[in-house]
1. Report the gain in length on full extension from residue 133 to residue 191: 0.36 nm times residue separation, minus Cα-Cα distance, nm rounded to one decimal.
2. Using a Förster distance of 35 angstrom, determine the FRET efficiency expected from the C-beta separation of residue 80 and residue 198, and round it to 0.05.
3. When the chain is fully extended, how far beyond the present Cα-Cα distance does residue 156 get from residue 109, taking 0.36 nm per residue of separation?
4. Nearest 10 degrees is fine. How inclined is helix 164-186 to the longest principal axis of the chain, computing both from alpha carbons?
5. Label residue 102 and residue 126 with points 7 Å out from Cα along Cα→Cβ: what is the distance between them in nm?
6. Can you pull the one-decimal nm distance between simple spin-label points at residue 174 and residue 20, each 7 Å off the Cα toward Cβ?
7. Relative to the longest principal Cα axis of the chain, at what angle does helix 3-26 sit, 0 to 90 degrees, rounded to 10?
8. Against the longest alpha carbon principal axis of the chain, how many degrees, from 0 to 90 and to the nearest 10, is the axis of helix 129-154 turned?
């Protein structure tokens, strides 16, 4: 199997999980309790040794194959969507290299439930939020941007009068809107979230 095929297969696997994960975060617009309720339902699907092993393997393959493809393709970039695919992929690789170990440390070392409050802690604490807001925002936008770039290259048909490039731009716009909704929910509608005491270790309190 070629590196591109491995990258595509691992990407599809990760996309399925990230889609559920982002849906869960969007549910936070209805409050932390609803976010955690949906999360607990979804965990029946992915919080087990079998699925988690597949996901962690897919993340590792995605990062290694992505960085390999980045080195090969950055000098042959042609279109703006090619550039979008390369640079969003690079940001996602860096994000995963940071985010996945942090989640594992939170679960296995700090004995924290990596739920709504684990993600919201940094987003609702100044000055940490000056880092975490762009950090998470760029990750979500990069996810949709990467999909949009791939869609523009793979999709050959115009749908309802919308060209493949316009479809890709629409996907990117959906990503920006989703990012806004997620930040809106995780910051309790931008008014701030009260972080439980056990999560204060994350924000230096």
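1. 19.5 nm
2. Details: r = 45 Å, r/R0 = 1.30.
E between residue 80 and residue 198, to the nearest 0.05, is 0.15.
3. In short, 12.1 nm is gained.
4. It is inclined by approximately 10 degrees.
5. Rounded to a tenth, the inter-label distance reads 2.1 nm.
6. Roughly 1.9 nm, to one decimal.
7. With rounding to tens, the tilt is 40 degrees.
8. Helix 129-154 and the main axis of the chain meet at about 30 degrees.
Any read-out appearing in this document is the output of simple, stated calculations on the displayed coordinates, not a laboratory observation. Here the structure is a predicted model, which is why all the values come from computation and not from measurement. Using ideal geometry, Cβ is built from the backbone for each residue, glycine included, and neighbour counts are taken over all protein chains shown.
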